Amino acid sequence: MLSELKYIKLSDLAKKIAEVIKQSFGFESYWIIAEISGHKFYPNQDRHYFEFIEKSEESQDPIAKIKGISWRAGSHSIKLFENATGQTFTNGLQVLVNVKVEFHSAYGFSLILNNIDPSFTLGNLEKQRQATLAKLLTENPESIKKIGDEYVTKNKSIVLSAVIQKIAIIGSPNSEGYTDFMHTISNNQFKYKFSADIYQSAVQGVSAEKELVNKLVSIYDSKKKYDCVVIIRGGGSKTDFLVFETYELSRAVARFPIPVITGIGHHKDVSIVDLMVHTSTKTPTKAAEFIISHNRQFEDSVVGLQKAIIIKSQQLLGNAIQRINSSNIIIINRSKTLIGYYKDKMQSFNQIVINKTKTILYERQTNLVTLLNKLLSKPKIISAHRQSELQNLVNNLKIFSNKYLINKRGYLGHYDSVIRLVSPQNILKRGFAIISQNGTILKNPESISIGDTIKITMAEYEMNSKIITKIKTNGTEPNV
């Protein structure tokens, strides 16, 4: 059955395909724009293996994919490209390359890289950079502004603490950049002490942007009062820094509420993130030196203030001493003058007092003699008058006392008669009686019940009675 079918070997088919491709493309080459993917480099063979990809602008899904290879000439062109652009030929890079179409019966269809244009990649990166900067300004007007050539962000407007002590570090704890940073701040010549927390994150690659943004969020959520955030990484190719050209990371640092300092190891270029942060430095070591210098400035200002206070105090003290000495001399001279003046005046007053005193004493002596004579005669006259008045008063008291006592005896006789008339014995003789029960005089008839025994006391008799009836009257019957 198999012998009846017409077939050819795979190698023969491959040869036919190779012949068709050779006839169609020959030795022609083409300039194409594509993205590099799946890149592998073998230094011993000086060969690059990769794929050329074209993605949809809307979905970013691949719409074309062809295997690519660079032999010796192509690899040399890649080296020249890397030297010219500072970019590593690697995944994700958009390139303009010259290729030749080739089909090998054993290795299949591929594009052989002959040459690569560095100006296209540089221009494309710059175009992406400008588009990202424009998007940041357009979509974040409240946080990012451009004044002249400078980008003014919310993060830049934050005032650094006078002294930086507590630092949040974003980077890899195993990197040389982290080691350099920690060595610099830990061994500073001024013996400043720092507290540094590491928030480990990738600083290059596909996932780096998301990781870096998440670490900023983690720092904010920690609620720790950091003085600043330092983003560090060591050196690398220009491509390694592409994460610091991305929109989301640049937006996050521009709006971050804690001052951000970068030291991401590139000496020539300034990334978009560097434009957005509070302070950008070239390397992790420079970032550490900036922090130390900032603290040193504060210390210098304090020391300067201390010196200024000492100098000013010495000046004030010197001036005060001069004024005190001058005042002392003035006081001494003025005191001598005043003492001399008042000494003369006191002597004059002393003479006046002596003379005046003699005159006053003579006048007072005369007055006293006159007054003494009056005192000797006046008491006798007054005593005679007072004795006569006292005698009249005694006589009046005797007369009025007798009249008063007679009147009061009449009042007392009247009251005695009234008291005798209202005495209980006289009232009982008029026919009244006292009613008592169990030795207690009854005042309230309501307390007596029918059948109770009561005692009736009259003027000459006492009688015991038993209550047979009890009738309430209107209170008029006893009237007589």
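Things to note:
- Subset of segment 203-226 (residues that are part of a helix (DSSP H, G or I) and either modelled with pLDDT under 95 or not hydroxyl-bearing (Ser, Thr, Tyr) (or both)): Ala208, Glu209, Lys210, Glu211, Leu212, Val213, Asn214, Lys215, Leu216, Val217, Ile219, Asp221
- In segment 406-426, the residues that are among the basic types (Lys, Arg) form Cβ pairs under 7 Å with partners that are modelled with pLDDT under 85, at six or more places apart or across chains, as follows: Arg420/Asn426.
- Evaluation of His267 against the conditions (1) modelled with pLDDT of 95 or more; (2) assigned to a loop (DSSP other than H, G, I, E, B); (3) over 27 Å from the mean Cα position of the chain (by Cα) shows that the sole unmet condition is (1).
- Which listed residue is in a loop (DSSP other than H, G, I, E, B), out of contact with any Lys or Arg (no Cβ under 8 Å at 6 or more places or on another chain) and closer than 30 Å to Lys472 by Cα, from Lys443, Lys455: Lys443
- Matching residues in segment 102-119 - criterion: being under 30 Å from Leu249 (Cα atoms) and either touching a helix residue (DSSP H, G or I) at 6+ places or on another chain (Cβ under 6 Å) or buried (at least 17 other Cβ atoms within 10 Å of the Cβ) (or both): Asp117, Pro118
- The residue that is modelled with the lowest pLDDT, counting only those in segment 161-202 that are more than 15 Å from Glu289 (Cβ to Cβ), part of a loop (DSSP other than H, G, I, E, B) and of a type in the set (A, V, I, L, M), is Ala202.
- Count of residues meeting criterion [over 30 Å from Ser77 (Cα atoms) and not in a helix (DSSP H, G or I)] in segment 98-155: 16
- Residue match in segment 233-243 (condition: among the aromatic types (Phe, Trp, Tyr) and either modelled with pLDDT of 95 or more or in a loop (DSSP other than H, G, I, E, B) (or both)): no
Yes or no, residue by residue, for (1) β-branched (Val, Ile, Thr); (2) without any contact (Cβ under 8 Å) to a residue 12 or more places away in the chain; (3) in contact with a helix residue (DSSP H, G or I) (Cβ under 7 Å, 6 or more places away or on another chain); (4) outside the structural domain of Val230 (by TED's automatic domain parsing):
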| site | (1), (2), (3), (4) |
| --- | --- |
| Asn140 | no, no, yes, no |
| Lys145 | no, yes, no, no |
| Lys154 | no, no, yes, no |
| Ile158 | yes, no, no, no |
| Ser161 | no, no, no, no |
| Ile164 | yes, no, yes, no |
| Pro173 | no, no, no, no |
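The values are calculated or read from the model by the stated rules, or taken from the named source; none is laboratory data. Please read these numbers as outputs of a predicted model, since none were measured by experiment. With ideal geometry, Cβ positions are generated from the backbone for all residues, glycine too; neighbour counts draw on all protein chains shown.
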